[in-house]
Structures are given as C-alpha cells and as structure tokens.
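Reviewing the structure listed below.
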Amino acid sequence: MSLAPATLASSLVDHLPWIRQQFPSLSLSVGGSPAVYFDGPGGTQVPQRVLEAVNDYYLRCNANTHGAFETSRRTDVVVSAARSAMADLLGCAPDEVVFGPNMTTLTFALSRSLGKELGPGDEIIVTSLDHDANVAPWRALEERGCTIRQVEVRTDDCTLDLNDLAAKLNSKTKLVAIGYASNSVGTINPIPEIVRKAHAVGALVFVDAVHYAPHGSIDVKALDCDFLACSVYKFFGPHIGVLYGKREHLTRLKPYKVRPSSDASPDRWETGTHNLEGLAGVNGAITYLADLGERVNPHAETRRAAIQSAFASIKQYERELGERLIRGLLEIRGVRFYGIQDPARFNERTPTVSIRVEGHAPRDLASKLGDRGFFVWDGNYYALNLSERLGVEKLGGMLRIGIVHYNTAEEVDRFLAALHEIVA
C-alpha cells in the first residue's frame, strides 16, 4: 500500500510535541512498538495536569463539602471551580451546570423528572442514530403512557432523515432527544436547525454532546437547546457526567432527591456525594484545553476564548487526519464504509469512522490490531438502533477507529499499513 509523506497543514502540528508530552500514557509500547490510541470515542487519555489535580485533591483536600474546617472549605472551592470551568467550556452560567457519575445516569434522572409532567397523548422523539443513553431513558416514559417516535436514518451516508423528523413533529411533541454527533459513525447533526423546528411546536430539546465534546466548541446559548449532556471522560478528564439545563428548567422541574439535601439549583439535581477528586480532574482537563488555546492564540483574553481557540485548531487538524484515514480505508479491498465519505462534507462529521471488512469479523480485526498496538473498538458501541438499522448487529457490529487531537498522521499511516497487511 502506497502512502504519501505524513505531513499536514494545520497550525496544531507545530504544537504536537508539546501536546503529546502532556499525555503520559502515550508512552506505552505493545510488542516493542508505540501504542496507538484510536479508542477515543470510548474514552480519551488524560493529560498530566489531570493526574496532578486529582493527586493534589487527595493530599490537600479530601473531605466532604460544607464543613467548618479547612479541608472541607478547600473542597468547596474545588467544586465551585469545576462548575465555573464547565460553564466556560459550554458557554453558560455556573448554576446551569449539574454534575453526576456519567451522562447516562444524569439523563435517566432528568427523564424521571420530566416524566412527572407527561402522560398519555404526549410524544417524545428519539433517533436511529443515537447512543442508547439518549434513547432508553426516554423510552422508559412509555410506562407513563407517552408515545415514543423514532426518526429514521439515511443508510447511504448515516445522516438523519430531517424530512422524517419534520413529519413526526407536532403539537403533541414534548421533547426531542438528539445527538450532537454520532459516537458510531461520526455524523454531526444540524442542532440549531433541529432546535428551531422543535421549539416551533413547543417541544423541549435534549442534546447528547458526549461524542462531539472532544472535537468542537460548544455554545449552548447559541444552540438554544434546553438541555445538553456530556462526559468529561470523553474530553481528556475523569469519569464525570455533566448536564447543562436552562436555569428556568432546572428550577421549575422537581428531581428526586434525599430530604436533607439543598433545594437550591443545581445542587438539588446532584444526588449523593460528588466524585470530588474527579471534579478536581475536571479543572485539570479544562485548564489543559485553555493552555492549548493560549498556545495557538496568544491573544485570547479569557478562558472561554482560549477554549474556543483550542477547538478551532483541533477541528482543523482532526479534519485533515480524518481525511487521511478515510482516503486510506477506501483504498483497502473489501472495506465497507459507513457514514459520510465525501471530503467536501467533512464539516458534517467527526474523525470517528466505522467499517466492516469482507471475510473478517470486527472482533477478530480488533484483536489482531490490538496485538500490534492499535487500540480500536468493535461492536455496536451502544448505538443499538443504528447497528440494527444497518443490518450489522447480528454480524458483530462494526470496527470503529476514533481520532482525537493527540493522534498523528504517522499513526494513521501505520494503522492503515497494518490493517492492509491483516486483510490482504
């Protein structure tokens, strides 16, 4: 297989040595070769400052919140700082940020709360493209008599059928649950357009931004969505889920909670004791992104501006890597590619791709690649509706390759050469 030199034009290339130095786990070797982490959609690696922040929390804080002593007061500061950091990442106010163990748990909590207001005759729209964490919590409301409608996907490019969405929206629609980007095939949905259509019929919009968050800047005010959820584990931090909600909704809705906990929002949504060391890691992850933004744009005047600069550079760099990966995959005999493959439309996708190779089970390919130090996922990645719709669920799903900004063109080239050798 012939490969052009591993060169890219993105401005982020100049900072790659510094970026990779921030992630200690990238030094891992498998069988004498450097490990290649193409497993980012399932969870990214973390920079050194996340490790330091968690370690520092255990050394200097490590107490529950709201106590009348020093370590507890320090913990209160950590929680407040994490909330402010996430607000800068999402473009919202700190009191519109809710923390939880993961996105799935937070979504179930929100669905139970919204379910108190819903019943027979009310409709909820989900999609065939989403992770089941943005399907099952809403399907659970069928118990209350709600009708669940599912928007179809165009199988030729794995994009949502927006005409089908428009046909399903009506005065009975109470909520549209939509993914910002597909964790399976990388499709980015036109969220502003979908929000406008949903609001036009009086429906709320819940956006699952778990897969999109490591790849692009998020501005919840510009999106005008009512709720948005993400996972810090997917953008270079610890296992922490985050829910954004418009203040009016977080204060109006009634979550299930223990009686002694605060009735103030967002605390009323945060059941039990926080993963406090994890929240320290949240600060570390967002500090890393802001530092990267200041490197690519020294004129950034605020942390929010620095984060946006980081993601602008990340998006350009990852698009170039994604083009290189997809072009190489399409040259391999027997590859069945799922999703957008036209370079002119790569602004509609993240650099996460799923394939099947004729004569090779996805698990077998993932195992052989893993033995060579290439870490990729196989299966349905919890995007069950899509796996079934594409007809691959009973065939072992697909092989998923996910790029993030600490990956390199040289890693892409090595991967393509290895895959070609395995299937040739």
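Among the candidates Cys92, Cys158, which residue alone is hydrophobic (A, V, I, L, M, F, W, C), within 22 Å of the chain's Cα centre (by Cα), outside the structural domain of Val353 (by TED's automatic domain parsing) and on the phi > 0 side of the Ramachandran plot?
None of the other options fit; the residue is Cys158.
Could we say that Arg154 is free of Cβ contacts under 8 Å to residues at least 12 places away in the same chain, out of contact with any Ser or Thr (no Cβ under 7 Å at 6 or more places or on another chain), closer than 22 Å to Pro266 by Cα and of a type in the set (Lys, Arg) here?
no
Just to check your reading of the model, which residue among Leu390, Leu419 is over 29 Å from Asp208 (Cα atoms) and buried (at least 23 other Cβ atoms within 10 Å of the Cβ)?
Every option except Leu419 fails the conditions.
Identify all residues within the range 323-334 that are in contact (Cβ under 8 Å) with a residue 60 or more places away in the chain, crowded, with 17+ Cβ neighbours inside 10 Å and in contact with a strand residue (DSSP E or B) (Cβ under 9 Å, 6 or more places away or on another chain); write none if there are none.
Leu325, Leu329, Ile332
What number of residues within the range 335-360 satisfy the criterion of being in contact with a strand residue (DSSP E or B) (Cβ under 8 Å, 6 or more places away or on another chain) and either surrounded by fewer than 17 Cβ atoms within 10 Å (Cβ to Cβ) or aliphatic (A, V, I, L, M) (or both)?
Just the residues of the range 335-360 that are in contact with a strand residue (DSSP E or B) (Cβ under 8 Å, 6 or more places away or on another chain), to begin with: 335-340, 347-358.
Next, only the ones that are either surrounded by fewer than 17 Cβ atoms within 10 Å (Cβ to Cβ) or aliphatic (A, V, I, L, M) (or both) stay: 335-336, 340, 347, 353, 355, 357-358.
Qualifying residue count for the region: 8.
Out of (1) part of a helix (DSSP H, G or I); (2) touching a helix residue (DSSP H, G or I) at 6+ places or on another chain (Cβ under 8 Å), what's the single condition that is false for Ser25?
Unmet condition: (2).
Would you tally the residues in the range 393-424 being outside any helix (DSSP H, G or I), out of contact with any strand residue (DSSP E or B) (no Cβ under 6 Å at 6 or more places or on another chain) and not small (Gly, Ala, Ser)?
Counting residues in the range 393-424 that are outside any helix (DSSP H, G or I), out of contact with any strand residue (DSSP E or B) (no Cβ under 6 Å at 6 or more places or on another chain) and not small (Gly, Ala, Ser) gives 6.
Among the residues of the range 336-345, which ones are of a type in the set (Lys, Arg) and part of a helix (DSSP H, G or I)?
Arg345
For the range 346-369, how many residues are part of a helix (DSSP H, G or I) and free of Cβ contacts under 8 Å to residues at least 60 places away in the same chain?
Within the range 346-369, the first condition is being part of a helix (DSSP H, G or I), and the residues that meet it are 346-348, 362-369.
Subset that is free of Cβ contacts under 8 Å to residues at least 60 places away in the same chain: 346, 362-369.
Number satisfying all stated conditions: 9.
The values are calculated or read from the model by the stated rules, or taken from the named source; none is laboratory data. From a predicted model like this one, the values you see are computed outputs, not experimental measurements. Quick reminder, even Gly has a Cβ in these numbers, built from the backbone with ideal geometry, and neighbours come from all protein chains shown.
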